[in-house]
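Please read the structure below before turning to the comments.
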Amino acid sequence: MTETIDQHQEGKRDVTFRVFRFNPQVDSKPYFDDYTISAERGITVLRSLNYIKEHVDATLSFRAFCQAGICGSCGMRVNGISKLACTSQVWDELDKCREPGIIRVEPLRSLPMIKDLIVDMDPLVDKMTRYSNWVDSTMPLAEMGKKEFLISEEEFQQYDKATDCILCASCVSECSILRANKEYVSPAVLLKSYRMNVDSRDGIHDIRLAELVKDHGVWDCTHCYRCQESCVKSIPIMEAIHAIREDALESRGPRDTSGAKHAEAFMEDIEKKGKLVEATLPIRTNGVVWTLRNLLPMAMKMIVKRRTPPPPPLVKSAKGIKVFRAMFREMTEHVKQDHLKSQKK
Amino acid sequence: MKPFDIVIVGGGGAGLYAAMEAMKTNPALNIAVLSKVYPNRSHTSAAQGGANAALANKAKDDSVEMHIFDTIKGSDYLADQDAVDVLCSEAPKIIRELENIGTPWSRMEDNTIAQRPFGGAGRPRCCYCADKTGHTILQTLYEQCLRKGVLFFNEYFALNLSVNGSRSKGLIAMNMKTGKVEAFPAKTVIFATGGYAKMYWNRSSNAAGNTGDGQAIAYRAGIPMKDMEFVQFHPTGLRKSGLLVTEGARGEGGYLINKDGERFMARYAKEKMELGPRDLVSRSIETEILEGRGFDSPAGKYIHLDLRHLGADLIKSRLPQIREMTLNFEGVDPIEEPIPIRPTAHYSMGGIDTDNFGRTVMDGVYAAGECACVSVHGANRLGGNSLLDILVFGRIAGHTAAEEAGKFEPGSISEEELKENVEEIRTRMQPSGHYERYGALREELGQTLALNVGIFRESSLLHKGIEDIAELKERFKKVRVFDSSDVFNTNLQQVLELQNMLDLAETVAVGALAREESRGSHTRIDFPVRDDEKWHKHTLATLVDGKATPGEKPVTMGRYELQERTY
Ligand SMILES: Cc1cc2nc3c(=O)[nH]c(=O)nc-3n(C[C@H](O)[C@H](O)[C@H](O)COP(=O)(O)OP(=O)(O)OC[C@H]3O[C@@H](n4cnc5c(N)ncnc54)[C@H](O)[C@@H]3O)c2cc1C
Ligand code: SF4
Ligand code: SF4
Ligand code: FES
C-alpha cells in the first residue's frame, strides 16, 4: 500500500502504537495492544491507524471521516492529550512519548465507551439540546428569506471564533469537572451557548441563560483552563465562560448559585475594605488555588461597572493578607462542598 | 418499527434542509433522518469558499439572470436551463433564510452579507463566512433540526432500498452501534448521501465516506444514474492524501515547477500562468507528469508547488492555513520546501437522475444534493454553486416528499428481506481459503480510475479502466471481513462502501467511453472538441442484468443558445 507508510524513503522511523482496546461483546475490561510499524516523515497518527487497520489488525476500531481536521470525528488521546488524530504528526508525537518510541493512543474521556477508540457522542448532543444551542430567530416566519438582519462587523467578531468549533469533544475529554460530574454542561456547550447568547438575531437569551445558571451549569466551571489549552481550533473558550458569568451576574444578579453568592459577598467585602487590586496579588503569587482565579476577576469587573472609585493601595500589613487568606479558604471549601454534593447525586 | 412518512438518508446540507422543509410543510408527518456519521461531520463542512446568490450586496448590478447565464455557460451548456432557473432564482431567498436562522455570514461595511468573486462568475456573488462557509451552514442547519426535534438515527448505515415492483417500501439500514440490520418502512425515501469522488481514493479531496452509497443503493434498485462521467478535478491536491491546497497559494504568487525546474505553465497559459482556470491547470499538470517531467515517489508522481520565493513573512501572514495544512498532512513546511502536489478528484457532477422536484423514476424515491443530478451543473460545476444546489434542491425535495407522501401506501418490509441483507453480510464474515484485502482493492480502484478514467481519457485507456473495474469486482467477491464484532464494525462498513464504489465506478467508466466528445470536465484525447450534434444530451446508466446499460436523455434548453465556452 503506497498511501501510508513509504518504505523507500530515507528518514523513516520505527514506531510502536500502544492502542487502547475494548470490545464490549467479548472483553470484560480494556487492555492495550502494541503495533509496531515504520513511519516516514509527514505521516499522521490517523494514517498510521489506517495502515494498521488495513495491514495488521482489521478489528481495530476508530472514527475518521474528512481526514483534514474539519469534521471533528477523530478526536482521541494521543500520548495522554486529547486531540485530532488526523492533524497529529507521528514524528512530532515521538518527541512527546513517555516511553521512548511508544505512542499511546486512547479514547476520549468523560464520554461513554463504545469500542476501542470510539466513544458515544450522544450525551454531548443531548446537552446541546438542553441548553438550546441554536438561534431562535426573532424574524417573523412570514418574513423569512425576504430580508437580512443587518449585523455589524463588531457583532460578527464576537462569535466568529466560537463558530470554529467542530464538536470534536477534545475539550470535553480534558475538562476536570466533567470527569467528576458527567452532568456538567461541558466546555463546548458553554462555548456554543455563549455564541448564541451574543447573537442579536436570537430571541431566547434569557431562557438559555436561566438554564446555564442552574446546577451543573456555568458556575460549576473551575477555571482550570484545560479546555482552552486543548482546543484543537485554539478557541478562547474561557472568554466565553467569563462572558456568560458576567452576563448572568449583570442580568440576573447574584441570586443563582452559591458560587455567585460568594462572589457577591466577597466583592462587597472588598468594596467595604477598599483594598482590591493589589490586595489580591500576594495571594495569587502565594497560590491560593483556583477559587481566586475563579471568582476574583468577575468581582473586579462588577466593581468597575458600578463605577466604584479605584481602591487605595494595599496596606502592606501581614494581618490584611491573613484576613484575605482566611476568606478565600472558606470560599474554596464552599465551592468544593458543592462539587462533592453534585458528584454524590 | 412504525412506518415513516419520510425517511431521509444523509445528514449533510441537502438532507438537513429537506428535513426542515418537510416538517414545515406538514408538521404532522413522521420523519426520520439517517446518517452514517453525526450530521455535523458530513462533508458539507469541508466547503470553504462559499455559496453563490445574486444578492447584489457587493456588485449592485448583479442579477439572477446573470447568475443563470454564468451557470449555463460554466456547465458547457449541458445543464437543464429550467433547473438552473430554479437554482438561481431561489438563491437569494435561501441565503437570506439561512441568515435569518443564524448562519454567521461575514459582513460588508453596510452590515449586509459579504460577497466575493469566484471562478466563472461575472460578478462577485459568492456569499461566505471566512473560510468555513460549509461548516457554518451545516452547523446552523443541524442546530435548527435539533431545535425542531427532528428524529435522528445517527451512525446508521443505509444498505438497500426495499422495492416492490415500481415502488419503494422503505429502507434497510444497519445500526452501527449494535450491528443490527433494521427496517425503515416508509412512504417516501429521500437520498441525500453526497458525492462519489472518493472512488479515486488517494487521488481525491473528499472525505473517506464520500463513497456514493445512496447512488449505489438507488442504482441497484434499478434507478438510472445520469452524467456519471463528469468528475471535476482540482489542480492542487497533496500528493499523499489528495487533500486540497486552496487556490490562495497560487493567488499569492506560488509557482508550479516540474522536475526540470521549469515554470511549465508558460507552455499552456502564457499570460495567466499559474492563475489559469482550474481545468486548464489540472490538464497542464497532468500533461507534465504524463510526459515524464514529474517527480517520482512511492506515493506516485507529482510536481512542485513552490512558495519559497514569497518569503517566510508573507507565507506566515497571508497563507497560514495552507502552511498549517501542509505541515499537518504532508510534514512539509512551504517556507523551506516546495509542496508536492497533483490534481485531485473533487466533485461529482453526475448522480441519481431526478426531475426539478427531486423525484426519481421510482415512486416514492427522491434525491437531492451532490448525490443527485437534476442537472444544474452539467459538464462542469462552478465554485459556490454546489452549496447552493444542496440547499435549494434539498428544500425542494423535502417539500415534494411531504406533499406527496399521502399518495403512497406505507410499505411493509418482511423479516425474510431483512434476513437476506443479514445473510449477505454474514457470508463475508465466513473464513475461506484464498481471500482479498479490501484495502488493496480500494487503492487499486483509485489508481486505475486516476490513470484510465482521470483527467485525460481515451478509448483504449477507458477500455482498460472498464476491464480493471470488472476484475476488481470479481476479486471483491473474495474480500473478507475480519472483524466479527457486532459493535461498530468499521471493517464491515468499509467493505460495503468499497462495494458501492465498485458498482458506481463502472457507470463512470462506461459513460466516459460512450461520450465521444470533450465537454467541461470530460476530456477525450481522441475526441478533443465538443460535439453538440451528437452529444448535446445527458447520458444515463441503468443496471440491467448486473451490467451498466447506457441510455440518454435530452437537455432542456431555454433562453440561451449553444455557444462556444471561452473565458
Ligand atoms: C474540499 C471541498 C471544498 C468544497 N468547497 C465548496 C465551496 O466552496 N462551495 C461549494 O458550493 N461547494 C463546495 N464543495 C462541494 C460541496 O461541499 C458538496 O458538494 C456538498 O457539501 C455536498 O452536500 P450534500 O448534502 O449533498 O452531501 P454531504 O454533505 O456529503 O452529506 C452526505 C450525508 O449522507 C450521509 N450518508 C452517506 N452515505 C450514507 C449511508 N450509506 N447511510 C447513511 N448515511 C449516509 C453522510 O453521513 C452525510 O451525512 C467542496 C467540496 C470539497 C470536497
Ligand atoms: S475551565 Fe471549566 S470548562 Fe474548562 S476544563 Fe476547566 S472546568 Fe472544564
Ligand atoms: S471547543 Fe475546541 S476542543 Fe472543544 S469541541 Fe470545539 S473544537 Fe473541539
Ligand atoms: S477525520 Fe475529520 S477531523 Fe480528523
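Considering only B:Gly195, B:Asn30, B:Thr556, and ranking their Cα positions along the charge dipole of the protein assembly as shown that arises from unit charges at the beta-carbon of Lys, Arg, Asp and Glu, the one farthest toward the positive end is B:Asn30. Note on B:108-120: average number of Cβ atoms from other chains within 10 Å of each residue's Cβ is 2.
Calculate, in nm to one decimal, what B:Glu423 and B:Thr549 gain on full extension: separation in residues at 0.36 nm each, minus their alpha carbon distance. Mind showing how you got there, number by number?
On the way: separation 126, 0.36 × 126 = 45.36 nm, distance 2.80 nm.
The span from B:Glu423 to B:Thr549 would gain 42.6 nm if fully extended.
Which whole number in µm²/s is D for the protein assembly as shown by Stokes-Einstein, with the Kirkwood Rh taken over Cα pairs at 37 °C and 0.692 mPa s?
Working: Rh = 29.0 Å.
Calculated translational D: 113 µm²/s.
Of the GluC sites (Glu not before Pro) found in region B:76-181, those that fall in a DSSP loop while having at most 10 other beta-carbon atoms within 10 Å are B:Glu109.
Here's the picture: charge each Lys and Arg Cβ at +1 and each Asp and Glu Cβ at -1 in region A:5-118, and of A:Leu84, A:Pro112, A:Pro24 the one pushed furthest to the positive end of that dipole is A:Pro112.
If the segment from B:Asn26 to B:Leu280 were pulled out straight at 0.36 nm per residue, it would be longer than the present Cα-Cα gap by 86.7 nm. Charged neighbours of B:Phe157, selected by a Cβ distance under 10 Å, balance to -2 (K, R count +1; D, E count -1). In sequence order, region A:25-32 has phi-based couplings of 6, 10, 9, 7, 8, x, 8, 10 Hz under the Karplus curve 6.51 cos²θ - 1.76 cosθ + 1.60, θ = phi - 60°, and Gly or Pro positions carry x. Only Cα pairs under 8 Å and 6+ residues apart enter the sum, and on that basis the relative contact order of chain B stands at 22 percent. Loop-resident GluC sites (Glu not before Pro) (DSSP state other than H, G, I, E or B) in region B:476-567 with no more than 15 further Cβ atoms inside 10 Å of their Cβ: B:Glu516, B:Glu561, B:Glu564. Rounded to the nearest 20, the size of the Cβ-charge dipole of region B:1-115 about its Cα centre is 660 debye, with Lys and Arg at +1 and Asp and Glu at -1. Loop-resident trypsin sites (Lys or Arg not before Pro) (DSSP state other than H, G, I, E or B) in region B:1-71 with no more than 13 further Cβ atoms inside 10 Å of their Cβ: B:Lys60. For the pair region A:41-118 and region B:473-549, the centres of their Cα atoms are 32 angstrom apart. Shown here is the pair-distance distribution of region B:236-345: with all Cα-Cα distances grouped in 10 Å bins from zero up to the longest one, the shares run 15, 52, 30, 2 percent.
Between A:Asp95 and B:Asp82, the simple label model (points 7 Å from Cα in the Cβ direction) yields a spacing of 6.3 nm. Please list, by residue number, everything in region B:487-520 whose backbone N is under 19 Å from a paramagnetic label point 7 Å out along Cα→Cβ of B:Glu436. Under cut-off, by backbone N: B:491-510.
Screening chain B for whole DSSP H helices of 20 Å or more along their axis (Cα) with average Kyte-Doolittle hydropathy at least -0.5 returns B:81-100, B:133-147, B:385-404, B:438-452, B:459-476, B:490-514. The charge dipole of region B:236-345, taken about its Cα centre with unit charges on the Cβ atoms of Lys, Arg (+1), Asp and Glu (-1) only, comes to about 200 debye. Please say if region B:291-448 is rounded, prolate or oblate, where rounded means a/c under 1.5 for a ≥ b ≥ c the square roots of the C-alpha gyration tensor eigenvalues, and otherwise the choice is prolate for a/b larger than b/c and oblate otherwise? Because a/c hits 1.5 or more and a/b fails to exceed b/c, region B:291-448 counts as oblate.
Please give the charge dipole size of region A:1-159, origin at the Cα centre, charges +1 on K and R Cβ atoms and -1 on D and E Cβ atoms. Round to the nearest 20 debye. Let's see the in-between values first.
Numbers: 20 positive and 25 negative charges, 85 e Å.
Around 420 debye, computed over region A:1-159.
With the helix formula -39500 (n - 2.57) applied to DSSP H stretches of n ≥ 4, the protein assembly as shown reaches a computed 222 nm mean residue ellipticity of -12000 deg cm²/dmol. Computed over neighbours whose Cβ is under 14 Å from that of B:Arg123, the net charge equals +1, Lys and Arg +1, Asp and Glu -1. Of all DSSP bridge pairs formed entirely within the protein assembly as shown, close to 70 percent run antiparallel. Classified by the C-alpha gyration tensor, region A:5-84 has an oblate form. Its axis ratio a/c, with a ≥ b ≥ c, is 1.5 or above, and a/b does not exceed b/c.
Close amide H partners of B:Asn164, meaning residues 5 or more places away or on another chain with modelled amide H under 5 Å apart, are B:Lys169. Per residue of B:432-443, other chain Cβ atoms within 10 Å of the residue Cβ number 2 on average.
For B:Lys534, the accessible surface of its heavy atoms amounts to roughly 130 Å² (probe 1.4 Å, protein chains only, rounded to the nearest 10). Multiplying the residue separation of B:Leu151 and B:Ala470 by 0.36 nm and subtracting their alpha-carbon distance yields 110.9 nm.
Could you tally the net charge around B:Glu143, taking each other residue with its Cβ under 12 Å from the Cβ of B:Glu143, Lys/Arg +1 and Asp/Glu -1? Taking every Cβ under 12 Å from that of B:Glu143, the sum is +1. May I ask which residue of B:Val7, A:Cys175, B:Thr507 lies farthest towards the positive end of the charge dipole of the protein assembly as shown, with charges of +1 (Lys, Arg) and -1 (Asp, Glu) on Cβ and the Cα centre as origin? My answer, from the dipole projection, is A:Cys175. Chain A and chain B together bury an accessible surface of about 5900 square angstrom, both sides counted, with a 1.4 Å probe and no ligands or nucleic acids included.
On the accessible surface of the protein assembly as shown, probed at 1.4 Å, how many percent belong to carbon and sulfur atoms? Working shown, then result.
Working: 17580 of 33910 Å².
C and S atoms contribute 52 percent here.
Quick one: go through region B:133-176 and flag any residue whose amide nitrogen is under 18 Å from the point 7 Å out along the Cα-to-Cβ line of B:Lys407. Residues passing the 18 Å test: B:164-170. Per residue of A:17-24, other chain Cβ atoms within 10 Å of the residue Cβ number 1 on average.
The values are calculated or read from the model by the stated rules, or taken from the named source; none is laboratory data. None of these values were measured; they are calculated from a predicted model. Cβ coordinates were reconstructed from backbone atoms using ideal geometry, including for glycine residues, and neighbour counts include every protein chain displayed. Note: accessible area is taken over every heavy atom of the protein model, side chains too, but ligands, DNA and RNA are not part of it. Shrake-Rupley method; radii C 1.70, N 1.55, O 1.52, S 1.80 Å.
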